[in-house]
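Single-structure report; data block below.
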Protein chains: 2
Amino acid sequence: MQTDLSRKLGIEHAIFGFTPFPAVAAAISRAGGFGVLGAVRYTAPDELARDLDWMQEHVDDRPYGLDVVMPAKKVEGVSEADVEAMIPEGHRQFVKDTLGKYGVPELAEGEASGWRITGWMEQVARNQLDVAFDYPIKLLANALGSPPADVIKRAHDHDVLVAALAGSARHAGKHAEAGIDIVVAQGYEAGGHTGEIASMVLTPEAVEAVAPLPVLAAGGIGSGEQIAAAFALGAQGVWLGSLWLTTTEADLHSRALTEKLLAAGSGDTVRSRALTGKPARQLRTEWTDAWDDPAGPGTLPMPLQGLLVAEAVSRIQKHEVQALLGTPVGQIVGRMNSERSVQAVFDELTRGFERAIDRVNRVAGRG
Amino acid sequence: MQTDLSRKLGIEHAIFGFTPFPAVAAAISRAGGFGVLGAVRYTAPDELARDLDWMQEHVDDRPYGLDVVMPAKKVEGVSEADVEAMIPEGHRQFVKDTLGKYGVPELAEGEASGWRITGWMEQVARNQLDVAFDYPIKLLANALGSPPADVIKRAHDHDVLVAALAGSARHAGKHAEAGIDIVVAQGYEAGGHTGEIASMVLTPEAVEAVAPLPVLAAGGIGSGEQIAAAFALGAQGVWLGSLWLTTTEADLHSRALTEKLLAAGSGDTVRSRALTGKPARQLRTEWTDAWDDPAGPGTLPMPLQGLLVAEAVSRIQKHEVQALLGTPVGQIVGRMNSERSVQAVFDELTRGFERAIDRVNRVAGRG
């Protein structure tokens, strides 16, 4: 699977794999794709440095990248404590009541909340970048709008391509104006933050909006057939996130969550503001139902919601409370029905891709 | 664009075009596709007969089909008046108030409500079938579940293939068990009644669920690139509805509505219960906003909502009340930016398809 972009990056398959797990990211790069490590959970720069050291040793000199979550709008002089103070007491009580209703135990004393939202704050993301540019990363992706101009410049000075996620053609066009290099068009069916335009419609709209910049199609892609469809729609690559969650290299820290993912169908996700305050696709659970219930207090805007639920989500995950246990994941969760190595996933993707190419050629009378 | 199904039907391109307009349906068949006339608006059998007579004279002996809306569940001995009586007075008042707020004039005396919902009632659909089977239709599609077993048998006795729309793989599987011949997998991005699974995910799931039965991909398809994507996903054909609304052969009876469609972007639709009581994608208007507003009375279940709003929708359309004027349409409305003949649309679809095939072959190294 070769495009201008894959040739530029020196990868075998134009498959970009986003994952919070260094072992998965490295395996994606080794398999001939492009591993992109999600940095949002690293609050301490030395933790990120440790994992990038590990990546460096395990990618067999293949290229890889980093995904940060840098807000488009700069908020000056606002601390986490300031933001915490903006959370209404009624919402804190709702969290407490909901956890109580399901008997969710506390974290052990001194146990850190594993789910951290502070990576969303610009200074945290900037600290991550200070670390990242010491490594030979080839791509910097931002999940929240275009990065600030100085960050784009700094990336380009380091020969690092900049990618940004977009949920609409208009959004994609703004990224292009900001000077980024690659647009990741994130369709409605994608896991995590996503808009309302489905990939089938969004991908060609984004391609048209930013040409000649390359577009990666994201959302609804978990098979070689879907990859072939994305290329037909004009993408120069595909961006897969959900699919890796059930690979053997992934470390969800919860057997119950892995089992939930393996059992879920494509109709078992919901686009909810429960996790961050912005609509993000995730497993539908009694936790998301509680937040989406019109009879409840509703969610708070980003970043308040993320701060509000951070500890609660950690407690639910840590104690594997079945009814509430969830994770961001896209509609392709319906085909994540077995645990396999990243390499086995790649083998199946490339086989499915070739089958799909055979099929469209037969339809076109070029068989 | 040839598949086993297109060969079986003797058509040049595996493109199925659903439309309420006989002139459009006939033009689709003449252009080498398969025109499917939507029958829901025909309450009088002789009107349907008149339009099928016209079709017969204008299809140049090409095959065509009919789409009915036959409820899966049979309701015995319930008249339209019985159903009307179930509508709460508060909802009637809300319709009156909303129309009043926008100064929507009454229909002229004796002027029939153009938007009719009665085609949804089984007896009306059965009367339509009595007419339709006198014509050499080759396909009978049902937009609401599988048709009753006796209707499927009757179709098969007439050598008519039966298709049914499905919004999930499970739904598709039920159709297959009922003995239908073709599943139309209707993705989230489609116009009209639709579920929450996007075409990129739904198409391959439906294909897998009903193989070896053929699946037509519906939703998000308005270009040759999207058609190629659908074939990559395993579809044996595509089912397009929205795209024809801005063809020169279409007769929307409202210049203002045509202009609205030409101007709308992919983000200007909403999946709302406002029109029928079931979620249906349509242009977002102040009318849909009023029904979707949590502060309002909300919508009634099918078929109550359709009966409740039938006259109001006719008044809005007749008097072209800009803020309220809408129509069912999918997210591809964003690329419906010019008025062209059905033949010109086909020419562009086939050119775009060939370009997409070239592109995927280059990616696959088969260029």
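The values are calculated or read from the model by the stated rules, or taken from the named source; none is laboratory data. What you are looking at is a predicted structure, and each value in this text was computed from that prediction instead of being measured. Every residue, glycine among them, receives a Cβ derived from its backbone with ideal geometry; neighbour counts consider all protein chains shown. For accessibility, only protein heavy atoms count, side chains too; no ligands or nucleic acids. Shrake-Rupley method; radii C 1.70, N 1.55, O 1.52, S 1.80 Å.
Contact annotation: residue pairs with Cβ atoms under 9 Å, 6 or more positions apart or on different chains, pairing a residue in region B:148-171 that is touching a residue at least 12 places away in the same chain (Cβ under 8 Å) with a partner that is among the aliphatic types (A, V, I, L, M) and open to solvent by 70 Å² or more (accessible area, probe 1.4 Å), are B:Pro148/B:Ala72. A single entry from A:Leu349, A:Leu307 fulfils the requirement of being closer than 30 Å to A:Arg30 by Cβ and part of a helix (DSSP H, G or I): A:Leu349.
Filtering region A:1-24 to residues that are within 21 Å of A:Leu213 (Cβ to Cβ), within 14 Å of another protein chain (Cβ to nearest Cβ), open to solvent by 10 Å² or more (accessible area, probe 1.4 Å) and out of contact with any Pro (no Cβ under 8 Å at 6 or more places or on another chain) leaves A:Met1, A:Gln2, A:Arg7, A:His13.
Taken residue by residue, region B:25-44 has at least one member that is touching a helix residue (DSSP H, G or I) at 6+ places or on another chain (Cβ under 8 Å), open to solvent by 10 Å² or more (accessible area, probe 1.4 Å) and among the polar types (S, T, N, Q). Residues that are in a helix (DSSP H, G or I), surrounded by fewer than 24 Cβ atoms within 10 Å (Cβ to Cβ) and small (Gly, Ala, Ser) within region B:193-210 comprise just one, B:Ala209.
Scanning region B:254-275 for residues that are under 18 Å from the mean Cα position of the chain (by Cα), open to solvent by 10 Å² or more (accessible area, probe 1.4 Å) and either over 18 Å from B:Gly334 (Cβ atoms) or more than 12 Å from every other protein chain (Cβ to nearest Cβ) (or both) gives B:Thr258, B:Arg273, B:Leu275.
Contact map, region B:262-288: first residue farther than 20 Å from B:Trp244 by Cβ and basic (Lys, Arg), second residue open to solvent by 10 Å² or more (accessible area, probe 1.4 Å) and part of a helix (DSSP H, G or I), Cβ cut-off under 8 Å, separation 6 or more or different chains; pairs are B:Arg273/B:Asp292. Restricting region B:216-243 to residues that are more than 8 Å from every other protein chain (Cβ to nearest Cβ) and among the polar types (S, T, N, Q) leaves a set whose member that is least open to solvent (accessible area, probe 1.4 Å) is B:Ser242. Of all residue pairs spaced 6 or more apart or on separate chains, those with beta-carbon atoms under 6 Å, a first member in region B:191-215 that is away from every other protein chain (no Cβ under 11 Å) and a second member that is among the polar types (S, T, N, Q) are B:Gly191/B:Ser242; B:Pro214/B:Gln236. Hey, any hits in region B:321-335 for a residue that's in the same structural domain as B:Tyr102 (by TED's automatic domain parsing) and over 30 Å from A:Ala209 (Cα atoms)? Checked against the condition, which is being in the same structural domain as B:Tyr102 (by TED's automatic domain parsing) and over 30 Å from A:Ala209 (Cα atoms), region B:321-335 yields at least one hit.
Looking only at region A:310-340, filter to residues that are among the aliphatic types (A, V, I, L, M), outside any helix (DSSP H, G or I) and away from chain B (no Cβ under 14 Å); which one of those is nearest to the chain's Cα centre (by Cα)? That would be A:Leu325.
Looking only at residues of region B:284-309 that are open to solvent by 10 Å² or more (accessible area, probe 1.4 Å) and within 18 Å of the chain's Cα centre (by Cα), we find that the one that is modelled with the highest pLDDT is B:Arg284. If I go through region B:147-168 residue by residue, how many of them are within 14 Å of chain A (Cβ to nearest Cβ) and either buried (at least 24 other Cβ atoms within 10 Å of the Cβ) or in contact with a strand residue (DSSP E or B) (Cβ under 8 Å, 6 or more places away or on another chain) (or both)? Residues flagged as within 14 Å of chain A (Cβ to nearest Cβ) and either buried (at least 24 other Cβ atoms within 10 Å of the Cβ) or in contact with a strand residue (DSSP E or B) (Cβ under 8 Å, 6 or more places away or on another chain) (or both) within region B:147-168 amount to 2.
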